[in-house]
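*Asks:* Got a structure for you, questions after.
The values are calculated or read from the model by the stated rules, or taken from the named source; none is laboratory data. Owing to the predicted nature of the structure, the values given are computational and were not obtained by experimental measurement. Neighbour counts are summed over all protein chains in view; Cβ atoms, including those assigned to glycine, are modelled from backbone coordinates with ideal geometry.
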Amino acid sequence: MSPYAKVGGLGDVSASLSAALKKLGHDVRVVVPRYGCIDIEKSGAAVTLNSMGVWMGNKEEWCMVYRAESSGKAPVYFIEHSVFFDRDGLYHDNNMSDYDDNPLRFAFFSRAALQLCKDINFKPDIVHGNDWQTALVSAYLKVWHWNDPLLGGAASLLTIHNAAYQGIYPKSNYDYIGLGWQNFTEPAFESYDKVNFLKGGIHFADMVTAVSPTFAKEICEPGGGFGLAPYLSAKGSKFKGILNGIDYEEWDPQIDIHLPAHYSADDLDGKKKCKRYLQKLFCLKNDPKVALIGTIGRFVDQKGFHLIRNIIERVLDDMHVQFVILGSGEKNLEWFFQDLPVRYSGSAGSYIGYHNERAHLIEAGCDFFLMPSLFEPCGLNQMYSLRYGTLPIVRATGGLEDTVENYDEAAGSGNGFKFWESSENALYYTIGWAVSTYYDRPAHIRKMMLDGMKRDFSWETSAEKYVKAYAAAIENKKEADSYTPYYSVESKKKKPASASNKKISNSGNEITPSV
Ligand code: ADP
């Protein structure tokens, strides 16, 4: 959750969605692991629980909880368990290798978030989990807390920010997770004899969302969703796409604290200053007229950086352009982009690593922003680009398809440049199309910039859609409760309320938590 810990879009979303929901009048609490990078003192957090016990498998884990609150934002709770979270990385080490104990770390965290509600006496209507890391929340609610006075009424919503990461681990972890082997089944947690966190979460959640309508559609298509398509399609109306918004306090060229000059659609002068500053910072030739193309992101296959690597020299040789690249990830891509400015001195600049200020400056100082993603659940950078008058060049997939309107040369309309085929040539020629438009039809470029800057990507609109989805989750839960038999692993008691008149098959000592 930005600004405490962020590796990608989810960090932005958790900060801005929670703030937008609070603005709408809801009582929102955010729970985050106290990762090694979070400085408790600087974040202004104070201890709220000295010790909290969380049952995992057949043992109790102990942790401490801090709470931070800043004006206009939802209170944030940090779960401190130093063995699990006090590390350099969030999900993986410096060599991009996932931590072996990730299933234990995030099962514990999911369970701890619910235990926290009990220990601080907070009764939620909705518990909103994100991605595989907190997908288990939906299952814990159903399996362990169905008859809990505080949590028994809570419905769950699970958001998929990236279906490619599902949290698939050896089943030897399943005892610790503690959801009962009767849920290690094909529709729920079992996946080719391993445990799949996201798939199980989808099964148990009262409502599932993906972060853009097109991505939601794509991952339901046969063969889509990295194997999850049948399970997502089976959810029917309980699965939908809601486009992320962007945080206009953090990403607004009129007030952005990371920029050397400010600007708006009415006065673009500051953008020229940002371009000059960016060129200086990245040791590029000071040339206000050259087309400057930027890109930022994680160097992973999904983002299409291998396509950029394969065509960037051709582009730099053939076209009058400059490039800035900011990112980190796969080592061979890091080496390539680190070395590029040596070979293309004055026309290519790069920074390998994570740098928030530079990300803001690239959005402001560039003329074009490149996102040739193989798939893109939503993507935030293209929305930041539009807001900053920087035209996106994107592959038409997922959220990029939903947010970027392709340039129409005849009408001079649109707000970016799109291509469909994931190939080097498609990317090369689309960059060529954008660059030639920049030099040959500047009036069109200006119109597109101004149109893009006026588009509304505010969180208010998306937050209202989430509120509707929460309401749907509550209805779905009520409906499920009215006919579903619940058995708790914990109490072995049948639900006393309306659900109790339904048939339950339960043989011997085996307990059957089910939805
Ligand atoms: P994803 O969540 O898949 O990484 P998004 O486009 O949704 O992609 O969000 C990425 C977010 O992370 C953006 O805010 C982007 O600016 C930021 N980001 C990614 N890499 C870096 C980096 N190296 N330095 C600074 N910010 C970065």
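*Asks:* Just give me the residues in region 320-340 being away from the ligand (no atom under 16 Å from the Cβ) and buried (at least 18 other Cβ atoms within 10 Å of the Cβ), in sequence order.
*Replies:* 321, 322
*Asks:* May I pose another question? Evaluate region 286-294: report whether one residue or more is away from the ligand (no atom under 13 Å from the Cβ) and of a type in the set (S, T, N, Q).
*Replies:* Just the residues of region 286-294 that are away from the ligand (no atom under 13 Å from the Cβ), to begin with: 286-293.
Next cut, of a type in the set (S, T, N, Q) only: 286.
Yes: region 286-294 contains one or more residues that are away from the ligand (no atom under 13 Å from the Cβ) and of a type in the set (S, T, N, Q).
*Asks:* Which members of region 244-290 meet the condition of being in a helix (DSSP H, G or I) and of a type in the set (Val, Ile, Thr)?
*Replies:* Matches in region 244-290: none.
*Asks:* Determine if region 197-206 includes at least one residue that is more than 23 Å from residue 91 (Cα to Cα), crowded, with 18+ Cβ neighbours inside 10 Å and hydrophobic (A, V, I, L, M, F, W, C).
*Replies:* Yes: one or more hits.
*Asks:* Please identify the pairs in which a residue from region 89-114 that is of a type in the set (Gly, Ala, Ser) has its Cβ atom under 6 Å from the Cβ atom of a residue that is assigned to a helix (DSSP H, G or I) and buried (at least 16 other Cβ atoms within 10 Å of the Cβ), counting only partners at least 6 apart or on another chain.
*Replies:* That search, which allows pairs on different chains as well, returns 107/136; 107/177; 110/134; 110/136; 110/137.
*Asks:* Ok, one more. Restricting to region 354-373, give me the number of residues that are more than 10 Å from the ligand (Cβ to nearest atom) and of a type in the set (A, V, I, L, M).
*Replies:* Selection size over region 354-373: 3.
*Asks:* Would you check if residue 314 is under 17 Å from residue 389 (Cα atoms) and in a helix (DSSP H, G or I)?
*Replies:* Numbers: under 17 Å from residue 389 (Cα atoms): no; in a helix (DSSP H, G or I): yes.
In short, no.
*Asks:* I've got another one for you. Return the pairs, sorted by first residue and then second, in which the second residue is within 16 Å of the ligand (Cβ to nearest atom) and among the β-branched types (Val, Ile, Thr), the first residue lies in region 397-426 and is in a helix (DSSP H, G or I), the beta carbons are less than 6 Å apart, and the residues are 6+ apart or on different chains.
*Replies:* 398/214; 400/394; 401/214; 402/214
*Asks:* Give me the residue from region 162-175 that is in contact with a Pro (Cβ under 9 Å, 6 or more places away or on another chain) and buried (at least 21 other Cβ atoms within 10 Å of the Cβ) and, out of that set, nearest to residue 379 (Cα to Cα).
*Replies:* Only one residue tops the list, namely 162.
*Asks:* Return the residues of region 1-26 that are touching a residue at least 60 places away in the same chain (Cβ under 8 Å) and small (Gly, Ala, Ser); say none if nothing qualifies.
*Replies:* Selection gives 2, 5, 8, 9, 14, 15, 16, 19, 20.
*Asks:* In region 176-202, which residue that is part of a strand (DSSP E or B) and either of a type outside the set (A, V, I, L, M, F, W, C) or at pLDDT below 95 (or both) is nearest to the chain's Cα centre (by Cα)?
*Replies:* Across region 176-202, the extreme among qualifying residues is 196.
*Asks:* In region 341-353, which residue that is in a loop (DSSP other than H, G, I, E, B) and more than 13 Å from the ligand (Cβ to nearest atom) is surrounded by the most Cβ atoms within 10 Å (Cβ to Cβ)?
*Replies:* Looking at residues that are in a loop (DSSP other than H, G, I, E, B) and more than 13 Å from the ligand (Cβ to nearest atom), I get 347.
*Asks:* Here is a further query. Out of all the residues in region 298-306, is one or more in contact (Cβ under 8 Å) with a residue 60 or more places away in the chain, of a type in the set (S, T, N, Q) and touching a strand residue (DSSP E or B) at 6+ places or on another chain (Cβ under 6 Å)?
*Replies:* No, that holds for no residue.
*Asks:* If residue 164 satisfies all but one of (1) under 21 Å from the mean Cα position of the chain (by Cα); (2) small (Gly, Ala, Ser); (3) away from the ligand (no atom under 16 Å from the Cβ); (4) not in a helix (DSSP H, G or I), what's the number of the condition it fails?
*Replies:* (3)
*Asks:* Which residue pairs have Cβ atoms closer than 9 Å, lie 6 or more positions apart in sequence or on different chains, and pair a first residue in region 435-459 that is more than 27 Å from residue 316 (Cβ to Cβ) with a second residue that is of a type in the set (Lys, Arg) and assigned to a helix (DSSP H, G or I)?
*Replies:* 453/387; 455/387; 457/387; 459/23
*Asks:* Mind listing whichever residues of region 374-383 are within 7 Å of the ligand (Cβ to nearest atom) and in a helix (DSSP H, G or I)?
*Replies:* Correct list: 381 only.
*Asks:* Moving to a separate point now. Which of the residues spanning region 430-465 are touching a His at 6+ places or on another chain (Cβ under 8 Å) and surrounded by 14 or more Cβ atoms within 10 Å (Cβ to Cβ)? Walk me through how you get there before you give the answer.
*Replies:* Of region 430-465, the ones touching a His at 6+ places or on another chain (Cβ under 8 Å) are 435, 437, 439.
The answer is 435, 437.
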